[in-house]
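Student: First, the structure itself, so that you have it in front of you.
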Amino acid sequence: MGAEWRWNAEHQDAFEAIKESLLHGPILALPNPDRPFSVVCDASDFAIGCALLQADAEGRERVIAFESRQLKAAEKNYPVHDKELLAMKSCVTTHCDTVASSLATDGALAIFFAEYNFEVKYKPGKQNALADALSRRPDYELAHVTTVTSSIPVLIRVSYASDDMCVALLKALGSKEFDDSDKDVSARLRARLHCYAFDGGLLYYSTGSDDPPRVVVPHNDDLKYRILYEAHDTPVGGHLGREKTYSSVSLHYWWPNSYKWVDTYVHTCETYQRVKPAPHAAVPLVSLPVPSGCWQSISMDFVFGLPPDAAGNTRVVGFVDRLSKMAPLAAMPDTIDGEGTDTLFLDLVFRQHGLPEAVVSDRDPRFRGKFWTSIFAVLGTRLDMSTAEHPQTDGQTERANRVLEDVLRSNCAETPKRWIAMLPLVEFALNNAVHAFTGYTPFYVNGLSHPRVPLTPSRPGSGLSGGEEFAERLADISPLAVRKQVDTFCQHV
């Protein structure tokens, strides 16, 4: 039996709305190859937009197709007129089958458009609302971008003028600021001129292709002390020793005799002298298999006896990757059970890096409970237990615990109960410090890059420049070379 026919005012309104919508712009028309086409286009700082139009039999312009996209990193640097041409080219390339390939340079754009017979007409922005709206889509725009930069590079630029050697180098390297200077490089310095470069207002020093360029610091004691303070005294610096502090400074900055400066600074630091580790005799360690990759094998241990915070936390659990030496940390109370420890493991290790093949631990009850035994049996992870008589079997975690305690004491000497607030910065300081066994920071071993810190200078062209530069950098990384690096320091772990 057929359904009852109903047509009321609601249905009639919907039908009229459909008819009305078919008469307006959002409805695309079919192209007629016998009629001429027109293109309206526009470009903004972050996107291009265009529309392919054609007049119908009644002379009304109908939209054949819309086109818009974000600008690539290099395209954002184009002059305004080239961005407008790029919008025209994008529409023609997308909707004309005769176009063979995409071209980018000014000359190439001219050659590209020479193949077409068209007339360009200027259309004021108020009359070009269609393309203007497409090129300014809110979802394409980066809103409220805050660029974080350090003041140290600015101070370095200003201080160059008071350093005769820097002035002579900058003049020799073509800096227009010092064209009129009477300072010239000496014969000795000229022989090493190839080690210097001028870029973005800063002077850089590098001894070769395997030595990343570092900012040259002029002869200014206050400026050098400020850099050393940032690398050593701040929570991110962690009041670490001479070698780690020098590695942090020399990663980005260079000046003559900088190692002696670091040595003097660290050994006159009152906080470091108070908390630096005392020499001690170590029990010979039982050799453990060296993992072949990051996070294949980890070790766990606890730091006890910390002042209780508001949540009752009095200890820190550390998970140390046995290859990269990266150590995520977490605070925990005395009353935590095996299930709570498991939750921290899932959050700090498994969620970030997956499941390790082996876990090295002492004989703490948390790790020999039925919960740990059952969960590792289900997941297929082997729990290697240290012997009760020799806790140094898990030597790297014992060492990490001592360094952790030293850094916590350094940062919380005056307010011990602030250790819980300082723990994230302490973890960062440990993972950003060069490890003696690997010769690299844990961050670098894990990700082949160094994280930015307040001391990091900005390089020209860095920042929010799109993914093309990152893709090129990855393409330049040789897996074989990385494997050789890993194998080299694996032999010394």
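The values are calculated or read from the model by the stated rules, or taken from the named source; none is laboratory data. Owing to the predicted nature of the structure, the values given are computational and were not obtained by experimental measurement. Cβ sites come from the backbone with ideal geometry, for glycine too, and all protein chains shown count toward neighbours.
Student: Residue under question is VAL216, and the condition is that it be under 29 Å from THR268 (Cα atoms) and either more than 26 Å from the chain's Cα centre (by Cα) or of a type in the set (A, V, I, L, M, F, W, C) (or both); does it hold?
Tutor: yes
Student: Please list, ordered by residue number, the strands (runs of 3 or more DSSP E) wholly in the stretch 182-281 having 2 or more residues that are in contact with a Lys or Arg (Cβ under 8 Å, 6 or more places away or on another chain) and crowded, with 16+ Cβ neighbours inside 10 Å.
Tutor: Fully inside the stretch 182-281 and qualifying: 202-205.
Student: Please name all residue pairs, on different chains or six or more residues apart, with Cβ atoms under 6 Å, provided the first residue is in the stretch 412-437 and is touching a residue at least 24 places away in the same chain (Cβ under 8 Å) and the second residue is among the basic types (Lys, Arg) and not in a helix (DSSP H, G or I).
Tutor: HIS435/LYS325
Student: Also, quick follow-up: Of the numbered conditions (1) touching a strand residue (DSSP E or B) at 6+ places or on another chain (Cβ under 7 Å); (2) more than 27 Å from SER410 (Cβ to Cβ), PRO308 fails exactly one; give the number of that condition.
Tutor: (2)
Student: Sticking with this one: Within the stretch 45-77, work out how many residues are buried (at least 18 other Cβ atoms within 10 Å of the Cβ) and either of a type in the set (Gly, Ala, Ser) or part of a loop (DSSP other than H, G, I, E, B) (or both).
Tutor: Number satisfying all stated conditions: 5.
Student: Please work out if LEU155 is touching a strand residue (DSSP E or B) at 6+ places or on another chain (Cβ under 8 Å) and not in a loop (DSSP other than H, G, I, E, B).
Tutor: It is false that LEU155 is touching a strand residue (DSSP E or B) at 6+ places or on another chain (Cβ under 8 Å) and not in a loop (DSSP other than H, G, I, E, B).
Student: From (1) modelled with pLDDT under 85; (2) out of contact with any helix residue (DSSP H, G or I) (no Cβ under 9 Å at 6 or more places or on another chain), pick out the condition that doesn't hold for ARG351.
Tutor: Checking ARG351 against (1) modelled with pLDDT under 85; (2) out of contact with any helix residue (DSSP H, G or I) (no Cβ under 9 Å at 6 or more places or on another chain), the one that fails is (1).
Student: Still on this structure, I have one more. Tell me which residues, restricted to the stretch 172-205, are closer than 30 Å to HIS450 by Cα and in contact with a Phe, Trp or Tyr (Cβ under 8 Å, 6 or more places away or on another chain).
Tutor: Those that are closer than 30 Å to HIS450 by Cα and in contact with a Phe, Trp or Tyr (Cβ under 8 Å, 6 or more places away or on another chain): LEU173, SER175, CYS195, TYR196, ALA197, PHE198, LEU203, TYR204, TYR205.
Student: Same structure, new question: From the residues in the stretch 285-331 that are among the aromatic types (Phe, Trp, Tyr) and modelled with pLDDT under 85, which one is surrounded by the fewest Cβ atoms within 10 Å (Cβ to Cβ)?
Tutor: So the residue we want is PHE304.
Student: Search the stretch 340-351 for residues that are of a type in the set (S, T, N, Q) and pair each with any residue that is at pLDDT below 80 and assigned to a helix (DSSP H, G or I) when their beta-carbon atoms are under 6 Å apart and the residues are at least 6 apart or on different chains.
Tutor: Within 6 Å, the pairs are THR341/ARG366.
Student: Going through ALA413, ALA421 one at a time, which residue ends up being over 26 Å from GLU357 (Cβ atoms) and modelled with pLDDT of 85 or more?
Tutor: ALA421
Student: Could you identify the single residue in TYR229, TYR246, TYR259, TYR204 that is without any contact (Cβ under 8 Å) to a residue 40 or more places away in the chain and touching a strand residue (DSSP E or B) at 6+ places or on another chain (Cβ under 6 Å)?
Tutor: One residue alone meets the criteria, TYR204.
Student: Scan the stretch 18-34 and tell me whether some residue there is modelled with pLDDT under 80, in contact with a Lys or Arg (Cβ under 7 Å, 6 or more places away or on another chain) and part of a loop (DSSP other than H, G, I, E, B).
Tutor: yes
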